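Inspection log for the structure reproduced underneath, given as structure tokens.
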Amino acid sequence: MSSAPFYRRTTVLLGVVLLLGLALRLCYLSELVHAPDFDYPLNDPQFKDYWARAMVSGDWTPPAGKREGFIDGYPYPNPPGYSLYLAAIYALTDSSYLAPRIVQIALGLVNIVLVFVLGRALFGRVTGLIAAFLMATYWSMIYYEGELNQPVPFITLILCLMLVCHQWVLRPTPFHGLIAGLLLSAAALMRGEALSMGPVVFLWAAWAAWRMRRGRAFGVWAAGFVLGAALLVSPVTIRNYRASGTFTPIAHTGEVSLMIGNSEGADGYSPVTPALRTLVPDGSWNVFNIPVMMETLAARTGKERLTYQEWRDYFVSSARAWIRENPGAFFRLVLKRAVLYWSPTEIDENKVTTFEKEWSRTLRHLPGFPLPLTALALGLLRRRRDQRILSYADPALRPW
């Protein structure tokens, strides 16, 4: 009974954090509805929006001045997950541009709770509340909840995956692996890079099972994990193989990014490079320009069009050749990207995010990456100084 007031205080504080997060999001939304691109998205959001609306309406006419990004005989150019998510919202709301923002604000509040639950489970209630506060007030989180892009639902899926994995260690059941696989594959359909997390999660589960001497439980988990991952990803992979004759798990534009990031003039963060300008007259990189790039490459070889295999070979071989010929420049770019990853400035994506923050009366006053990075550093230092050994079996560490 003595702990009841503490639990009530925790609940009240979490409620305050959620109300603060909701207020900030509604303030930003009241600004965003007046932005010129609110109902006319650009770059990546424009293609995702076009794809979603086409699925709902059946009208595949591209936006004015754009070429259709889909090419016969090629895999999907983008992961289909976010466009399917948008299509579901549009189908239920008469294609409202406001609806996906409201849904993503709701998901943003869910993410605050998920971060609290995860932080509490692993490090205690104070840490959970601090993490929830940072999630509620971090300007970038609020900004992306207003964009027609995948970060918000992707983060939701990854947080759920982490909680399911934690629950499996506490109380293993046959379904934890299946759910973890479904969550990972759903995240991969939002961002294909999430597939690279599969081996990491698998090895972590194997290590945890070995440490706790749960070999049989791991076998059941592993079978469910592989099945869950295959259930969502395999239909997309099969479709891509039938279309192109190549094994492309989710989408195909990664090879273009590989060449853009590893070519003469690459700066480590911008897609505008001399190599790209030779393929697209205006130097921009978006899915709608894929037909132009394909036709330019085909003309160089005297062909009417390129097969997908020829397309992929060109970009991959170009990137590999540049890396072989410029190993020093390649490693400098890798180092630069690593530094930029941890830098206090948000890297631009589709729009100049720094200007978006300065333009907003709400976002300009909110903390950025330095605050959670500092909290992480201080937490790691404190944890190293503290000699306690956390045990998964400790009931105090359980999330519920």
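The values are calculated or read from the model by the stated rules, or taken from the named source; none is laboratory data. As the structure is a prediction and not an experimental result, all values here were calculated from the model. Here the Cβ positions follow ideal geometry from the backbone for every residue, glycine too, while neighbour counts run over all protein chains shown. For accessibility, only protein heavy atoms count, side chains too; no ligands or nucleic acids. Shrake-Rupley method; radii C 1.70, N 1.55, O 1.52, S 1.80 Å.
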Whole-Å distance, taken between Cα centres, linking segment 341-366 and segment 135-164: 16
Estimated FRET transfer efficiency when R0 is 35 angstrom, pair THR246-TYR97 (beta carbons, to 0.05): 0.45
For MET259, what accessible area in Å² do you get when you roll a 1.4 Å probe over the heavy atoms of the protein chains, rounding to the nearest 10? 10
Whole number please: convex hull volume per residue, Cα atoms of segment 41-82, in Å³. 82
Please state the equivalent ellipsoid semi-axes for segment 83-141: what are the square roots of 5 times the Cα gyration tensor eigenvalues, largest first, in whole Å? 30, 11, 7
Note down the relative contact order for the chain as a percent, whole number, built from C-alpha pairs under 8 angstrom at least six residues apart. 20
Per-q log10 I(q)/I(0), the chain, q = 0.10 Å⁻¹ (Debye; single scatterer per alpha-carbon; no solvent): -0.81
At 1.4 Å probe size, what's the solvent-accessible area of ASP39? Round to the nearest 10 Å². 90
Surface/4 estimate of mean projected area, convex hull on alpha-carbon atoms of segment 292-363, nm²: 7.7
Taking Cα atoms, how many degrees apart are the long axis of helix 370-385 and the longest axis of the chain, rounded to 10 and kept between 0 and 90? 50
Starting from the Kirkwood radius over alpha-carbon pairs of segment 1-154, derive D by Stokes-Einstein at 10 °C in a medium of 1.306 mPa s and give it in µm² s⁻¹. 91
Could you work out the relative contact order of segment 40-152, using alpha carbon pairs under 8 angstrom and six or more residues apart, expressed as a whole percent? 25
Cα-derived Rg over Rh, computed across segment 17-95 with Rh taken as Kirkwood radius: 1.06
Relative to the compact-globule estimate 2.2 N^0.38 Å (N residues), the Cα gyration radius of segment 248-379 stands at a ratio of 1.31
Heavy-atom accessible area of ARG101 with all protein chains present, probe 1.4 Å, nearest 10 Å²? 10
Cα axis of helix 290-300 to longest principal axis of the chain: angle in degrees, 0 to 90, nearest 10? 40
Dipole size in debye (nearest 20) for the chain around its Cα centre, Lys and Arg Cβ +1, Asp and Glu Cβ -1? 2040
Counting C-alpha atoms alone, how compact is segment 151-258: give Rg to one decimal and Dmax as a whole number, in angstrom. 14.9, 45
Which ³J(HN,Hα) values, rounded to whole Hz and listed in residue order, are derived for segment 141-154 from phi using the Karplus coefficients 6.51, -1.76 and 1.60 in 6.51 cos²θ - 1.76 cosθ + 1.60 with θ = phi - 60°, glycine and proline given as x? 4, 5, 4, 6, 5, x, 9, 7, 8, 8, x, 5, x, 4
Need one number: nm distance between label points at SER317 and LEU203, each 7 Å from Cα along Cα→Cβ, rounded to one decimal. 3.3
From the backbone phi of segment 196-210, what are the Karplus-calculated ³J(HN,Hα) couplings (6.51 cos²θ - 1.76 cosθ + 1.60, θ = phi - 60°) in whole Hz, Gly and Pro given as x? 5, 6, x, x, 5, 4, 4, 5, 4, 5, 5, 5, 4, 5, 4
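Sort PHE202, PHE331, PHE123, PHE225 by accessible area with a 1.4 Å probe, largest first.
My answer, sorted largest first, is PHE331, PHE123, PHE202, PHE225.
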What FRET efficiency, computed as 1/(1 + (r/R0)^6) with R0 = 35 Å and r the Cβ-Cβ distance, is obtained for THR301 and ALA222, rounded to the nearest 0.05? 0.15
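Once you sort the root eigenvalues of the Cα gyration tensor of segment 86-214 as a ≥ b ≥ c, which label holds: rounded (a/c under 1.5), prolate (a/b larger than b/c) or oblate (the other case)?
Verdict is oblate for segment 86-214.
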Accessible area in the full protein assembly, largest first, 1.4 Å probe, for CYS160, CYS165: CYS160, CYS165
On a 0 to 90 degree scale, rounded to 10, what angle separates helix 98-123 from the longest Cα axis of the chain? 50
In sequence order, what are the phi-derived ³J(HN,Hα) couplings for segment 339-344 according to the Karplus relation 6.51 cos²θ - 1.76 cosθ + 1.60 with θ = phi - 60°, rounded to whole Hz, with x for glycine and proline? 5, 4, 4, 9, 6, x
What ratio of Cα Rg to 2.2 N^0.38 Å holds for segment 190-240? 1.33
Reported to two decimal places, what Rg/Rh ratio describes segment 58-106 when computed on Cα atoms with Rh from the Kirkwood expression? 1.03
Please state the equivalent ellipsoid semi-axes for segment 199-314: what are the square roots of 5 times the Cα gyration tensor eigenvalues, largest first, in whole Å? 40, 19, 10
